[in-house]
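Below is one structure, written out as structure tokens; comments come after it.
The values are calculated or read from the model by the stated rules, or taken from the named source; none is laboratory data. If you're wondering where the values come from, they're calculated on a predicted model, not measured in any experiment. Counting neighbours? That spans all protein chains shown, and the Cβs are built from the backbone with ideal geometry, glycine included. Surface accessibility is based on the protein's heavy atoms, side chains included, excluding ligands, DNA and RNA. Shrake-Rupley method; radii C 1.70, N 1.55, O 1.52, S 1.80 Å.
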Amino acid sequence: MAGDSPSPPRYRNRGNSSSEGGAAPPVNTNVRTLLIVGCILLVYLLVSAPSDYGDVAGNAGDGRIQHGPAPAPLIGPALDKARRPLTALKHKFRHLFDNFEYAGYGEEKPRVAIIIPDGDPHTVVGAAESVFRNTDRNRILVVVAVMDGHHEDDDLTAALHDVNTGNNVGHWHGSTYHNHDGNGENRQAEPANNQKKHDHGSQKVYAFYNPEAHQQGVSASRSDAVEFVNILVKKYEEAGLKKPNEEIMLLFLRSDGRLTDPKWLNDVTGALVSSTTGGQSNAVSLQVDHPSSKQGETTTLLPSLRIHTGETSVSELADGNGKSYPTPIIGGVASAMRLQTYNNLPANDAILSSAAASDLELSLNLWLCGDGIKVLTSKSTVVRVDRNNPHQSSDDMSDEEAARLMAAWMTDEQAKSIYPARSMVNGGVDAREARKLKAMVEVERDSNSLPKELIRRCKPFQTLEDRFHLGIGGEKADVNKEAPTLHPVKEGSDAAGTVNAKKEGANNGAETAERVPSKPLDPVRLEMIQNTPQVDISFVDVAGDHKEHPHKGAVDEDGNWGYIHDETFLHQKPPEFVLPNKEDACAKRDANQRMLTKKVSIDVQADAAAEKRAKESGKPRPKILCVLFTIQKYHDKLEALSHTWAPKCDGIVYASDKTDRVIGTVNIPHEGKEEYNNIWQKNRSIWSYVYDNYYEKYDYFHSGGDDIYLLMENLRLYLESEEIQAASNGGIYLPNGDETMQTPLFLGRRFAQDGDMDRIFNSGGSGYTLNKAALKALILGMPSCMPHLHTFSEDVLVARCLRKSGVLPYDTKDEYGAERYMPFQPGHHLTYRPPEDANEDWYALDCIDCKWGLDHCSKQSVAFHYIKPPLMSRMHAILYGYCDA
């Protein structure tokens, strides 16, 4: 509860603030480090395996699948085996060389690593089964399934374990088909005497789990899996289980893809290694068997940069001697290449999360920096799609991904033709979307995370255009001359479907140009904003006749429900500010005074200029409602608030447990007791009351306790800055003022809870600011977000609820990296220095890229916390020049 907070720096017990009912927060583990550890342990077991070599790379002989990249259960068995006599170790090691299960056949029949980068729990087992049914196990180096966005699943683990050990599906060793338990599927092509049972082989199948909080997408999943294969290959070479001239191959198999013929690997080897298809290929795609498939089917690229199924030409079919033909885009269901080919690719953009964007980048690598991609035409290389469990991923990429690909691989002229083509809606070009895409490309060209110098290092994109006539890069209309509104194509419009759209009703139909900020949002902020769903900001009544919490409303002095507080009372009649003991207060030279005179200030001139512009233009400045929570025993604190900064709010709500019209408090009852350990329920009712009664009157809503000090001029200037205006409008353009959709903004002092960057929240200490879209998103999400939980840490829980709606805390640092929202007094931020071990202090641990000392606070700071009445008056006097008078 406000006023009950302990002294800084530990104003909250961070160890008990989890919203997970006390459970420890998820650890953001370094996947690559764990992969390396896993491989080292795996090969350690290789060289210390028993004579039956049944548990090499497995768990104490049971062949269990490794869950994720950390194979901790291997440690015990590894240590036990390490204690055996050296002579026995050499004897077992010799057996490994004699076993094709580990060493393969050598360079004539190289092994393959099968990677399933989009692991779907419903289909991945079927994909793994098809691999073992149709592949010589001695040629399977490893099968890696990346379960991206999924927690560990015991049933899935057991199913993959059965695939590996052959409990439910047979497999091949050379020309012999094995069935470990006699219940596997019998192949009609194999005589009964050619089917055998034998001991379980080595561990071949690995499932790496990335929980939803750490979901990374197809490109990063593919890259991590290949990195695991590289480490495994290196360790096999060191152990003598692979010769350097054996060309390991990769097969990327979609989880709903099914291999159908045991000869597939021979044909792929012939194409990639043995040059049986008319020249060694960089990469090959396997044909997909579906009802409408036909000879010469290929995967191509539309002028909108969308992937599409097409047909190759008769001449291309003839050039391949009936064994293969070229395709612009690699097949998404199954494709193969040499491991070394993948390792040499110059671009691997981990931000590309969709399968479409990842496949396009891989294809551009192979065509522009290599010798292309072929589709194999033999019957053995046909893959089937599991139609009982259709693929769930979208076949399209996001505009953000398209922008990154254009920025990395295309010139401005080539990208120019894609903007209108990708922005076609209902037969017309949405010119606003076209210009938005263009602006995104311009931002991405400056991104540090973008693959660099591809246009210089590889062949130009025009090479692919000339080869396949995709229709990308021709002369198109200049999207900068198109108006922002969408019009359908009319007779007489140009071939590209572009028209001159005009803003109806404004200036007699004159064109209205969309404005862009003088400085665009930086790539990190822009990416976050564009990943945030926009919200229709029209009011929706969700109060349900005010019968239940949190929408029951407020009560008056006599306990009658339905009381609506006049939030403008203080703004309309601000009391005069009087500084008690002015001489002593102004003469004091402490850390608070130094921060407020050497760094932080009120930008009075900028505020006056903004007021003048608003009056001359007739466009009002943003209206801010300040919402402060308190309780009756701390009502005496409110006098300092009301005599200093609070009247500068356009409206103010002192949310309390007692209504007092004289001082302006309003009693907003809530579920449960009135206590600090139930402040979450108090917060839910306060926000609901604000939404029900004031939503349509205000643009921004700032919530905090009764011990904060807001620099209202600085806050208002920040909210009307081009940065915040553009962010609220999707990140590219400044709003015109008539928008009905808005990007939710959750502004405040960001902290990473317990150092976890996946659990960022805005501190309730300095308070946080919501725009209309964020407040509506919070209210609409409340019924399904811990509606009856009684606890404290309301700031953590507000962030959690907004996160469920796709809204994350926005980075409010200024251009110098200094903070605007402060959780402590000014002097504390001036003198605080973090301990050497950040774990010793929650503030150092949770702080995100913080500066210290004078550099910590922005000159345009907007909020401070732990401000008691005497300090509040003194701060006001320093900031507004009363001490100078």
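Being at pLDDT below 90 and among the small types (Gly, Ala, Ser) is the requirement here; does Gly562 meet it? No: the conditions fail for Gly562. Of all residues in the stretch 806-859, those being surrounded by 20 or more Cβ atoms within 10 Å (Cβ to Cβ), of a type in the set (D, E, K, R) and in a loop (DSSP other than H, G, I, E, B) number 1. Residue pairs whose Cβ atoms lie under 7 Å apart, sitting 6 or more positions apart in sequence or on different chains, and linking a residue in the stretch 232-246 that is touching a residue at least 12 places away in the same chain (Cβ under 8 Å) to a partner that is part of a loop (DSSP other than H, G, I, E, B) and small (Gly, Ala, Ser), are Lys243/Gly106; Glu246/Gly104; Glu246/Gly106. Of all positions in the stretch 820-839, at least one carries a residue that is over 25 Å from Thr743 (Cβ atoms), under 27 Å from the mean Cα position of the chain (by Cα), at pLDDT below 95 and not basic (Lys, Arg).
Residues in the stretch 735-752 that are modelled with pLDDT of 95 or more and either on the phi > 0 side of the Ramachandran plot or open to solvent by less than 10 Å² (accessible area, probe 1.4 Å) (or both): Thr743, Pro744, Leu745, Phe746, Leu747, Gly748, Arg749, Phe751, Ala752. Restricting attention to the stretch 212-250, the residues being in a loop (DSSP other than H, G, I, E, B), under 17 Å from the mean Cα position of the chain (by Cα) and surrounded by fewer than 21 Cβ atoms within 10 Å (Cβ to Cβ) number 2. Could you go through the stretch 714-723 and let me know if any residue there is more than 30 Å from Val441 (Cβ to Cβ), open to solvent by less than 20 Å² (accessible area, probe 1.4 Å) and at pLDDT 95 or above. There is at least one residue in the stretch 714-723 that is more than 30 Å from Val441 (Cβ to Cβ), open to solvent by less than 20 Å² (accessible area, probe 1.4 Å) and at pLDDT 95 or above.
Among the conditions (1) within 31 Å of the chain's Cα centre (by Cα); (2) among the polar types (S, T, N, Q); (3) buried (at least 18 other Cβ atoms within 10 Å of the Cβ), Asn678 misses just one, which is (1). Being at pLDDT 85 or above, surrounded by 12 or more Cβ atoms within 10 Å (Cβ to Cβ) and of a type in the set (Val, Ile, Thr) holds for only one residue in Thr512, Thr532, and it is Thr532. Checked against (1) open to solvent by less than 30 Å² (accessible area, probe 1.4 Å); (2) under 22 Å from Ser721 (Cβ atoms); (3) not β-branched (Val, Ile, Thr), Leu871 meets all criteria but (2). Considering each residue of the stretch 601-615 in turn, at least one proves to be touching a Pro at 6+ places or on another chain (Cβ under 9 Å) and either loosely packed, with under 15 Cβ neighbours inside 10 Å or on the phi > 0 side of the Ramachandran plot (or both). Summed over the stretch 829-885, residues that are free of Cβ contacts under 8 Å to residues at least 24 places away in the same chain and in contact with an Asp or Glu (Cβ under 7 Å, 6 or more places away or on another chain) total 2. A single entry from Leu156, Leu160 fulfils the requirement of being within 15 Å of Gln203 (Cα to Cα) and surrounded by 21 or more Cβ atoms within 10 Å (Cβ to Cβ): Leu160. Please work out which residue is farthest from Asp267 (Cα to Cα), limiting yourself to the stretch 112-149 and to residues that are assigned to a strand (DSSP E or B) and charged (D, E, K, R). Among them, the one singled out is Asp148.
Comparison of Ser703, Ser688 shows that the only residue that is within 28 Å of His829 (Cβ to Cβ) and crowded, with 23+ Cβ neighbours inside 10 Å is Ser703.
All told, Ala402 falls short of being at negative phi, in contact with a helix residue (DSSP H, G or I) (Cβ under 6 Å, 6 or more places away or on another chain) and either open to solvent by less than 10 Å² (accessible area, probe 1.4 Å) or aliphatic (A, V, I, L, M) (or both).
When only residues in the stretch 451-473 that are open to solvent by 10 Å² or more (accessible area, probe 1.4 Å) and under 27 Å from the mean Cα position of the chain (by Cα) count, which is modelled with the highest pLDDT? Applying the filter and picking the extreme gives Pro451.
Across the stretch 765-786, which residue is nearest to Ser538 (Cα to Cα) among those that are open to solvent by less than 10 Å² (accessible area, probe 1.4 Å) and in a loop (DSSP other than H, G, I, E, B)? Top of the filtered list is Cys785.
Figure legend. Inter-residue proximity from the stretch 550-561: first residues over 13 Å from His670 (Cα atoms), second residues open to solvent by less than 40 Å² (accessible area, probe 1.4 Å) and not β-branched (Val, Ile, Thr), beta-carbon distance below 6 Å, spacing 6+ or different chains. Indicated pairs: Asp556/Tyr563. For the stretch 724-734, a tally of residues being open to solvent by 40 Å² or more (accessible area, probe 1.4 Å) and of a type in the set (Phe, Trp, Tyr) returns 0. On the stretch given as the stretch 649-672, residues that are touching a His at 6+ places or on another chain (Cβ under 8 Å) and open to solvent by 10 Å² or more (accessible area, probe 1.4 Å) total 8. When the criteria are applied in full, Lys436 fails the requirement of being of a type in the set (D, E, K, R), over 20 Å from Gly217 (Cα atoms) and modelled with pLDDT of 90 or more.
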